[in-house]
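Worksheet: one structure, shown below.
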Amino acid sequence: MPVLGMLRADFAERQPFAGLTVACCLHVTAETAVLIRTLTAGGARVHLAASNPLSTQDDIAAALAAEPGVTVQARSGVDRATYYEHIHRALDCGPDLVMDDGCDLVNTLHEDRAELIDRVRGGTEATSSGAARLRRMAVAGSLRFPVVAAELSDISRMIDHKYGTGQSVLDGILRATNTLVAGKTVVVAGFGPCGSGIAERARGLGAQVIVTEVDPVRALGALMQGFRVLPMTAAAPLAELVITATGSRDVLAAAELAQLSDGAMLANAGHFDVEIDVGALADLAVEVNRGVRPHADEFVLADGRRLILLAEGRVVNLVAGEGNPAAVMDTSFAVQVLALGWLAGTQREPGRDDGADASGGRVLAVPPDIDARVANLALASLGTRIDTLTKEQQRYLESWQQGS
Ligand SMILES: NC(=O)c1ccc[n+]([C@@H]2O[C@H](COP(=O)([O-])OP(=O)(O)OC[C@H]3O[C@@H](n4cnc5c(N)ncnc54)[C@H](O)[C@@H]3O)[C@@H](O)[C@H]2O)c1
């Protein structure tokens with residue numbers, strides 16, 4: 001992770017987080033460990049809880065917990081109550097800053113630990129579903145500190161969601177099934193950055209890809225990129241593999257599940273495990289064979305059709321695979337850590353809900369200069385040089401007097 005490596009060296013010198021405490025709720029993986037070390041190099045004390053018990057790598061949790069300035073509350077496979085208990089323990093530190101992935105930590109802070117909020121200068125949110133929750137909190141007037149949403153970064157949308165998730169979701173599905181994608185009909189629900197990346201990669205492997213959407217602009221975009229676009233009720237009977245990536249719920253509900261053909265495989269790439277109605281699937285089934293392969297359960301319907309649910313309907317690339325490749329997390333975490341440094345610099349006063357830049361209680365985009373800095377570091381790490389504007393070109397682009 002060369003970009004974080006370069007930031008770590010810079011932070012070690014500048015100490016942007018000196019004296020600050022950061023509560024994090026993130027996937028406890030090797031890549032996150034590199035992020036945590038970047039924060040501690042910059043002077044932060046870090047209290048980490050897991051954002052998904054199924055993705056926790058216990059050896060990483062143990063190694064991080066042994067490092068100075070870090071506490072870890074995470075164990076693979078814990079139940080829901082323990083998951084929230086861990087978030088509470090991470091919050092016990094009374095954080096100055098927070099890093100979240102799915103908004104569970106920020107939500108817990110607002111719902112149950114409001115006494116800690118005045119101290120918080122701001123936070124970052126890693127995922128689109130978390131940012132959507134934050135926006136609903138902001139609209140309701142409930143969000144009490146600024147949160148920078150990584151999804152509002154050009155780098156994250158392009159590298160993380162489109163190329164990273166696009167590749168790792170197919171990788172997770174292949175590890176769980178070892179299926180041949182070429183020639184299969186793959187239905188991708190949602191054509192946001194994640195869905196479009198998944199659709200492109202599935203097509204690259206030789207699948208016939210059908211896209212379902214509810215947004216007319218994105219549906220049109222999918223059509224213009226050569227994908228077939230259908231409503232789910234029309235797509236489901238054709239599907240051999242369905243991948244949901246919408247951030248919404250019940251995309252595959254009882255009616256659509258009942259239409260699937262024998263052998264159809266179902267995978268979810270969205271953040272929460274609500275996109276495939278797993279309860280409805282269990283109700284439809286007369287027999288369930290768990291673990292026909294690792295991370296694959298077989299549901300047998302009354303007429304003998306078998307449907308294969310991957311990763312229990314949870315986020316397939318993290319459960320059945322290793323999530324995004326380290327190179328992807330390198331740029332995503334670099335964006336988030338620089339955004340956190342920017343928020344640390346706002347010096348929000350206790351008791352005020354507006355930061356120095358009056359951005360309190362809002363979901364903020366990543367400042368463009370942060371994206372540009374991360375892109376420059378990533379290009380440098382890849383040994384790629386690019387052109388720069390000449391003074392004349394700069395003047396031309398800034399002027400409105402000059403035309404043809
Ligand atoms: N698996 C991963 O590693 C990973 C990485 C990043 C984001 N995510 C998650 O993936 C999901 C999608 O992310 P995104 O950045 O593409 O989000 P997005 O919100 O930009 O795109 C989602 C798309 O789904 C569409 N949609 C909503 N409901 C639908 C429905 N019922 N049927 C069909 N389409 C529907 C929306 O119109 C939108 O175009 C989110 O839950 C996000 O948190 C997962």
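Side notes on the structure shown:
- Relative to the Cα centre, the charge distribution of the chain, modelled as +1 at Lys and Arg Cβ and -1 at Asp and Glu Cβ, gives a dipole magnitude of about 620 debye.
- For SER76, distant residues with modelled amide H under 5 Å away: ASP58
- Dipole of the chain computed with +1 at Lys/Arg Cβ and -1 at Asp/Glu Cβ about the Cα centre; of LEU397, ALA33, ALA12, farthest Cα towards the positive end is LEU397.
- Here the accessible area is traced with a 1.4 Å probe on the protein chains. For the chain, carbon and sulfur cover 52 percent of it.
- Think of region 240-297 as having a plus end and a minus end, set by charges on the Cβ of Lys, Arg, Asp and Glu; of HIS295, VAL274, ALA253, HIS295 sits farthest toward the positive end of this dipole.
- Relative contact order (%) - the chain, alpha-carbon pairs under 8 angstrom, separation at least six: 17
- Equivalent-ellipsoid semi-axes of region 1-45, from the Cα gyration tensor, Å, largest first: 17, 15, 5
- 0 to 90° range, to nearest 10: angle between helix 128-139 axis and the chain longest Cα axis: 60
- 0 to 90° range, to nearest 10: angle between helix 30-41 axis and the chain longest Cα axis: 10
- Cα long-axis angle, helix 193-204 against the chain (0 to 90 degrees, to the nearest 10): 50
- Extent along principal axes [Cα atoms of the chain; Å; largest to smallest]: 65, 64, 41
- DSSP bridge orientation in the chain - percent antiparallel, rounded to nearest 5: 20
- With all protein chains kept in place, the per residue accessible area of the chain amounts to 43 square angstrom at a probe of 1.4 angstrom.
- Distance in nm between pseudo-label sites at TYR396 and LEU230 (7 Å out along the Cβ direction from Cα): 5.0
- All-pairs alpha carbon distance profile, region 1-96, 10 Å steps from 0, percent: 18, 48, 28, 6, 0
- Ranked packing of 295-305, 243-253, 375-385, most packed first, by mean Cβ within 10 Å: 243-253, 295-305, 375-385
- Taking a point 7 Å from the Cα of ALA254 along the Cα-to-Cβ direction, the residues of region 285-315 with backbone N closer than 19 Å to it are 285-288, 299-305, 307.
- Bridge orientation summary for region 1-133: considering DSSP beta bridges with both residues in this region, about 0 percent are antiparallel.
- Nearest-0.05 FRET efficiency for ARG89 and ARG14, computed from C-beta distance (R0 25 Å): 0.25
- Size of charge dipole - region 71-131 - debye, nearest 20, with Cβ of Lys, Arg +1 and Asp, Glu -1, no other charges: 140
The values are calculated or read from the model by the stated rules, or taken from the named source; none is laboratory data. The structure displayed is predicted, hence computed values, not measured ones. Positions of Cβ are backbone-derived with ideal geometry, glycine not excepted, and every protein chain shown enters the neighbour counts. Remember, those area values only see protein heavy atoms, side chains included, never the ligands or the DNA or RNA. Shrake-Rupley method; radii C 1.70, N 1.55, O 1.52, S 1.80 Å.
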